[in-house]
1. With surrounded by 18 or more Cβ atoms within 10 Å (Cβ to Cβ), out of contact with any strand residue (DSSP E or B) (no Cβ under 8 Å at 6 or more places or on another chain), in contact (Cβ under 8 Å) with a residue 24 or more places away in the chain and not hydrophobic (A, V, I, L, M, F, W, C) as the only criterion, which of 662, 637 stands out?
2. May I ask you to say which residue of 140, 157 is of a type in the set (Asp, Glu), in the same structural domain as residue 291 (by TED's automatic domain parsing), exposed (fewer than 14 other Cβ atoms within 10 Å of the Cβ) and farther than 27 Å from residue 15 by Cα?
3. Is one or more of the residues making up region 491-504 in a helix (DSSP H, G or I) and either among the acidic types (Asp, Glu) or touching a strand residue (DSSP E or B) at 6+ places or on another chain (Cβ under 7 Å) (or both)?
4. How do the pairs read when you match residues in region 677-703 that are more than 11 Å from residue 657 (Cβ to Cβ) with residues anywhere that are among the charged types (D, E, K, R) and surrounded by fewer than 19 Cβ atoms within 10 Å (Cβ to Cβ), using Cβ under 7 Å and keeping only pairs 6 or more apart or on different chains?
5. What's the number of the condition residue 96 fails, among (1) under 29 Å from residue 349 (Cβ atoms); (2) of a type in the set (Val, Ile, Thr); (3) at pLDDT 90 or above; (4) surrounded by fewer than 17 Cβ atoms within 10 Å (Cβ to Cβ)?
6. If you go through region 482-500, how many residues are surrounded by 15 or more Cβ atoms within 10 Å (Cβ to Cβ) and under 22 Å from residue 566 (Cβ atoms)?
7. Please verify whether residue 606 is modelled with pLDDT of 95 or more, closer than 30 Å to residue 432 by Cα and in a helix (DSSP H, G or I), treating the condition exactly as stated.
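The values are calculated or read from the model by the stated rules, or taken from the named source; none is laboratory data. As the structure is a prediction and not an experimental result, all values here were calculated from the model. Don't worry about glycine lacking a Cβ; one is built from the backbone with ideal geometry, like all the others, and counts go over all protein chains shown.
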Amino acid sequence: MNNRLDTELYREVAKFGAKDMEICMQCGTCSASCPLSSGMHAFPRKIYRYLQLGLRDKLLKSSVPWLCYYCGDCNTDCPRGAEPAETMMATRRWLTAQYDWTGLARRFYLSEAWEIGALITVALGIILLFCFFHGPVITDRVAVNTFAPVMWIEIGDLAMAAILSAFLLSNAFRMYRFIMSDIKVPFWLYITEARAFVLNFITQKRWRQCGDDRSRWLKHFILVSGYLTMMSLVIVFIRWFHVDDSSWHFTSIFGYYATGVLLVITVEMFRSRLKKEESIHRYSEFSDWLFLILLFFTTLTGIIMHAVRIAGWPMGTYVMYVIHLAVAVPMLIIEVPFGKWSHLFYRPLAIFLANVRDKASEDSGIEVEDVIAEASEIFMSCLQCGTCTSVCPWNQVMSYSPRRILRQLALETGTEQSIDQAVWSCVTCNACGVNCPRGIEIIDVIKAVRGRNLSGGKIPTSLVAPLDSLKTRGNPWGGVRTKRLEWAGGRNLPVFTPEHEYCLFACCTTAYDLSNRKAGQAILQLLDYAGIALGTLGAEESCCGDPAHRLGANEIFSELALKNTDLFLQAGVQKILTTSPHCLNAFKNSYDGLKDSVVIEHYTELLDRLLTQGDLRPTLEVPATVTYHDPCYLGRHQGIYEAPRRILMKIQGLTLVEMANHRENSLCCGGGGGGAWGNYPRNQRLDVLRVKEAISTGAEVIATACPYCIRMLNDAVRALGVEDRIVVRDLAELLLQSVMMKDEARMTKRVDLGVDREVCHV
């Protein structure tokens, strides 16, 4: 199977009786209410998603539609009235048609005329056969064995059984090929799990787990027992069952049992369906009624024939015998292999195959779901509610829809323009992720598509150089490794030793972007004044790999992560202090070798704690109106909102004003996820939009705590030509302006920040 998506699947299954599948909002209530839904066999929600997204191949190889026993709890609990049980039933009809190589099942399910025509044709064939080939008609006594010699009836039974078995087994083999095509199973598993098929075929025992009401299981069990008993009598014991007189034989007892059971249960099912006592009986397909009708009349005509035979009416017996066969044979030939009754065989087979598949996966360690299937499972949870699109910042400057991307990816209806280019525009701000009602990590989907594009050589020109530099130089800016520490402005940064409390990890943007050097130097001065002992990895330090990770360049990221992890662990690092939220996020969430053994902090967390402890005392006034820009990777990705604000509020003379979009709703600067190397017109730049929003507050300073944000917002200030109205500063720069250095020698080393009391009055 090729796992291609079929947009016509929805309409195709709807023809088999499924209700409006678009009503389903993927809330999962149906699966939660179903006592049989669990683990890999979650339904009906998963089946709904296959249908909604057109995952034909996944539906074909799924066994779970057969695991449903149509109890109707999902119908009752569904908040949208989507009728999941009906859709599961329709899916089973559709699957029956797929398994059937003759095409008759499809014709019979989709056309009442075809099904009735086939039944009538077989019935007429039986009648004509007896009209021309019956034995002597004896009228002075009942002689069924003369009118219809038992030898010929037995041969006919065996021939019919062989034909039915051939159809059922060949279709069952197709079912096996669909479900088990992508997994290798040890032969012994088929032997050890065979009992599951036998037990479920005979007892339907799994049905007993469907709620507290056992009456439906009991009725079904009794019906099946009667049916199997009758089939055994007419195929295996026909020589003893097919008699002329009323003498007793052991088969008579079983015959009476089967007849009574079939008659009573079918009448009860008629009554229940007509009165619509249960939610599942609100809808009844023609095929459901037809089988019950045929089974009822088969039983009724058998009873009448038996009564007439006992009464000694020869002609009445012969006529009823032919009528009985004219009803029973079409039912067996048409309905058993191609209609409703086939589920008696397919359901226990599906349970058997599901057990085998689960055991094979468990024993071999084979991941049953491949990469494509994994991506599909992410899409399975999407409600297509559009929340992601409504909160995406790009929609404020252009038309952009994460919802559409997910939809088009799932349905393979997108073009290179609509998907491939769209995913490269994503700045990974995570506004979609934190607002998604289903908790979908949409960024992971975007990253997966980017990785696929990278492997296929599809990459924006602007990203070629950063990725190449990451691979060859250990940073995305093309900086020379030996100059990595020049950002410190000549300050002595010792190589980290276990005597140092922190290992300072400077972002590549801090190291190589001139607009960020003052921020880095301010952090150093503040920590030095507070007496924090720190060292660095020096020139051996490489990028955290976040740009590569977000761009889908997994090999580059893995190489960088492994190298940095080895450096940290070999140096005995216990605490890492980052200047960038991107490094913080990468270390905490993507470095498996660090996140559970090393304390990782952003510098704002440490400065906030130092201020609280009194190790830093902001006493000088900075009389400026400041608005704080929440970096996406510090806020939405890490949940750090208050520490930066507490720092600003402790600065004397500073007035903090909030932009309309702040904290969780902060507007991205556009620098994440490769956006720092993007090239957009001014009217389509998020950083420009953010600076305009900041200016609207009346603020003189945009404060932030991310090197990428500083770079992007500074570029936007220059692009707008508003350098005389507003400036961009790191929190550390503002705090340094306010901290009274006790040591005059240290005061002389204070860097030229460019933000003094005069500047703040601009």
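1. Numbers: 662 fails: out of contact with any strand residue (DSSP E or B) (no Cβ under 8 Å at 6 or more places or on another chain).
Unique residue meeting the criteria: 637.
2. Values: 157 fails: exposed (fewer than 14 other Cβ atoms within 10 Å of the Cβ).
So the residue among 140, 157 that is of a type in the set (Asp, Glu), in the same structural domain as residue 291 (by TED's automatic domain parsing), exposed (fewer than 14 other Cβ atoms within 10 Å of the Cβ) and farther than 27 Å from residue 15 by Cα is 140.
3. Step one: of region 491-504, the residues in a helix (DSSP H, G or I) are none.
No, because not a single residue in region 491-504 is in a helix (DSSP H, G or I) and either among the acidic types (Asp, Glu) or touching a strand residue (DSSP E or B) at 6+ places or on another chain (Cβ under 7 Å) (or both).
4. Partner pairs satisfying both residue conditions: 688/682; 695/725.
5. Every listed condition holds for residue 96 apart from (4).
6. Final tally of qualifying residues: 5.
7. Numbers: modelled with pLDDT of 95 or more: yes; closer than 30 Å to residue 432 by Cα: yes; in a helix (DSSP H, G or I): yes.
It is true that residue 606 is modelled with pLDDT of 95 or more, closer than 30 Å to residue 432 by Cα and in a helix (DSSP H, G or I).
Table: residues versus (1) in the same structural domain as residue 524 (by TED's automatic domain parsing); (2) in contact with a Leu (Cβ under 7 Å, 6 or more places away or on another chain); (3) of a type in the set (A, V, I, L, M).
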| residue | (1), (2), (3) |
| --- | --- |
| 622 | no, yes, yes |
| 628 | no, yes, no |
| 631 | no, no, no |
| 635 | no, no, no |
| 638 | no, yes, no |
| 642 | no, no, no |
